[in-house]
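K.L.:
Quick one: the structure is below, and I'll ask about it shortly.
We did not get these values from a lab; they are worked out from the coordinates using the rules stated. The model shown is predicted, which means the values in this text are computed figures rather than measured ones. So basically every Cβ, Gly included, is an ideal-geometry build from the backbone, and we count neighbours across all protein chains shown.
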Amino acid sequence: MANLITTAGADRVVTLDLHSGQIQGFFDIPLDNLYAAPVFTNDIRARYDNVMVVSPDVGGVVRARAIAKRIDADLAIIDKRRERAGVSEVMNIIGEVKGRRCILVDDIVDSAGTLCNAAEALMKAGAVSVSAYVTHGVLSGGAVARVTSSPLEELVVTDSIPATEAVKLAHNIRQITIAPLMAESIQRISEERSVSSLFD
């Protein structure tokens, strides 16, 4: 894909929350990987207090820690084992979530199985409420129905993927825009100013 984008004539790429940072190495042209963290932290600060940020798996700890640091919140981690593709089983919660408002943070939600299982485990462990902030809301198959019937108070996704009608109608799914973030980064690139300083 990196080669196709370059061959098509692109001389620079701006993207959002790559699943793996190593992907940048496949591009022979400059690539700016933006982060949804500033957009999420502003929204969390405006809506929640007594927050504990939770990583739904060990692989997402760096992402969750970055948001926890920005809002001066504690961090918990869910240790899970995936028996097979598309099926996750929550095994253990690392951190004391009792009496806390838990905010799950991830980069992508597809089937929503992991998020919903995590929300159930956190509520069983005594969390006051569980919300989730996820950059890319793929929400394929029965994901929306799974989210609406789960203990998730709210699933917040960016508009990196257009919302389907089901997503728009879901009572506990909300979409926030990353357009200003993208616009600011594009303007900075055109003016040869720092893009990385957006995330300081």
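K.L.:
Nearest 500 deg cm²/dmol is fine: what mean residue ellipticity at 222 nm does the chain get from its DSSP H runs of n ≥ 4 alone, each adding -39,500 (n - 2.57), divided by its residue count?
P.N.:
Numbers: 7 runs with 62 residues, N = 200.
Rounded to the nearest 500, it is -8500 deg cm²/dmol.
K.L.:
While we're looking at this one, here's another question. Output the antiparallel fraction of DSSP beta bridges having both residues in the chain, as a percent to the nearest 5. It would help to have the intermediate numbers written out before the result.
P.N.:
Numbers: 6 of 34 bridges.
Bridges in the chain are about 20 percent antiparallel.
K.L.:
From a point 7 Å beyond the Cα of N3 in the direction of its Cβ, which residues of region 23-55 have a backbone N at a distance under 18 Å?
P.N.:
The answer is 23-30, whose backbone nitrogens lie closer than 18 Å to the label point.
K.L.:
Also, quick follow-up: In degrees from 0 to 90, rounded to the nearest 10, what is the angle of the helix 37-47 Cα long axis to the longest principal axis of the chain?
P.N.:
Orientation of helix 37-47: about 40 degrees from the principal axis.
K.L.:
With a ≥ b ≥ c taken as the square roots of the eigenvalues of the C-alpha gyration tensor of the chain, please select rounded if a/c is under 1.5 and otherwise prolate if a/b is larger than b/c or oblate if it is not? Walk me through the intermediate numbers first.
P.N.:
Details: a/c = 1.80, a/b = 1.57, b/c = 1.14.
Verdict is prolate for the chain.
K.L.:
Amide H neighbours of Y35 under 5 Å, counting only residues 5+ apart in sequence or on other chains, H built in-plane at 1.01 Å?
P.N.:
Here the answer is D17, since their amide H atoms fall under 5 Å of that of Y35.
K.L.:
Nearest 10 degrees, 0 to 90: what angle lies between the long axis of helix 113-124 and the longest principal axis of the chain (Cα atoms)?
P.N.:
Helix 113-124 sits roughly 40 degrees off the main axis of the chain.
K.L.:
In region 1-66, which trypsin sites (Lys or Arg not before Pro) are in a loop and have at most 16 other Cβ atoms within 10 Å, using DSSP for the loop call? Please list the in-between numbers first.
P.N.:
Values: sites: R12, R45, R47, R63, R65; in loops: R12.
Listed in order of number, the matching sites are R12.
K.L.:
While we're here: Please state the relative contact order of region 37-178 as a whole percent: Cα pairs under 8 Å, 6+ residues apart?
P.N.:
It comes to 18 percent, rounded to a whole number.
K.L.:
Could you check the spin-label model distance between T177 and S190? Points 7 Å from the Cα along Cα→Cβ, value in nm.
P.N.:
Between T177 and S190, the simple spin-label model gives 1.7 nm.
K.L.:
At 7 Å along Cα-to-Cβ for each site, give me the label-to-label distance between I161 and M91 in nm.
P.N.:
If labels sit at I161 and M91, their model points lie 2.7 nm apart.
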